[in-house]
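These notes concern the structure reproduced below.
The values are calculated or read from the model by the stated rules, or taken from the named source; none is laboratory data. Just so it is clear, the structure is predicted and the values come from calculations on it, not from any experiment. When we count neighbours, we look across all protein chains shown, and the Cβ atoms used for this are built from the backbone with ideal geometry, even at glycine. In case anyone asks, the SASA skips ligands and DNA or RNA and just uses the protein heavy atoms, side chains included. Shrake-Rupley method; radii C 1.70, N 1.55, O 1.52, S 1.80 Å.
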Amino acid sequence: MNPAAATKLARVRIANEKRLTFPEPFYWTTSGIEQLRRVEPNYRTLLFARSLDTLNAPVGKIRLAAEGDSWFDHPCIRDVMDWIKEGGFAVYRSDAPGRLLSTMLKEKVYLDFLDDMSVRAMLLSGGGNDLISWKKPSKDAPSVIFKKGNGSSEPADYINHFELTAALDAISGMLREFASDVWGKRPKLAKVTRCYDLF
């Protein structure tokens, strides 16, 4: 079994053993990952096994580094990394579903991958979880970005534009920090990211 598949099965096994439940079917929310962290503090060591796979890959394989969330690592569906692996790339990875960009920047695991000078690009998927978690008053309440629309048919009436702008500004700052980190260590390294359309 390859390390990525083993990681997904390990998460499901731990969740089943500890009787963890998640509000959405087949979707690992940030709060769900926190539950997993509490019952299995070393669960992230399972993720780094994938990087050993990359380290031991044939010399000719193009190596990439990746940091991100469930767009790169969803436990139940084919995701971006599945397609990249099928393309013949070897990827150092520290991505995990529900992962916050703020956590990525705090841990800075992605910088360790750049010690391998054969890495050709850094991939990033992050910011979405930070956005939907922006100033959440509790785990069961929505972010303050959302407001009651009083039955309006206009989507804009359900958005607190002041909070949305503040959240997007904060996320932009984190993305700039990420870019600065990567280029500070590898000035010419290509960066590839995905994001949501604002409109």
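Structure values in brief
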quantity: Positive-end residue of PHE146, MET122, ALA156, charge dipole of the range 122-182 with Cβ unit charges; calculated: PHE146
quantity: Set LYS106/LYS188; LYS148/LYS191; LYS139/LYS185; LYS108/LYS139; LYS106/LYS148 screened for pairs whose C-alpha atoms are more than 32 Å apart; calculated: LYS148/LYS191; LYS139/LYS185; LYS106/LYS148
quantity: Point-charge dipole on Cβ atoms (K/R +1, D/E -1) for the range 70-110, about Cα centre, debye to 20; calculated: 160
quantity: Rg and Dmax of the range 115-157, Cα atoms only, in Å; calculated: 18.0, 55
quantity: Which of ASP169, ASP157 is most accessible, then next, and so on - probe 1.4 Å; calculated: ASP169, ASP157
quantity: Cα pair count fraction exceeding 25 Å, expressed as % - the range 55-199; calculated: 37
quantity: Rounded FRET efficiency, nearest 0.05, which uses the C-beta distance separating ASP157 from ARG120 and R0 of 41 Å; calculated: 0.35
quantity: Among 135-142, 97-104, the order from most to least packed when residues are scored by Cβ within 10 Å on average; calculated: 97-104, 135-142
quantity: Residues with amide H under 5 Å from that of PHE146, placed H, sequence gap 5 or more; calculated: ASN160
quantity: Sites SER180 and ALA57, calculated FRET efficiency, Cβ-Cβ separation with R0 30 Å, nearest 0.05; calculated: 0.55
quantity: Inter-probe distance in nm under a simple model that places probes 7 Å from Cα toward Cβ, at LYS191 and SER172; calculated: 1.5
quantity: Built amide H within the under 5 Å cut-off of GLY98, gap 5+; calculated: SER70
quantity: Cα-centre dipole for the range 102-199 with unit charges at Cβ (Lys and Arg positive, Asp and Glu negative), debye to 20; calculated: 180
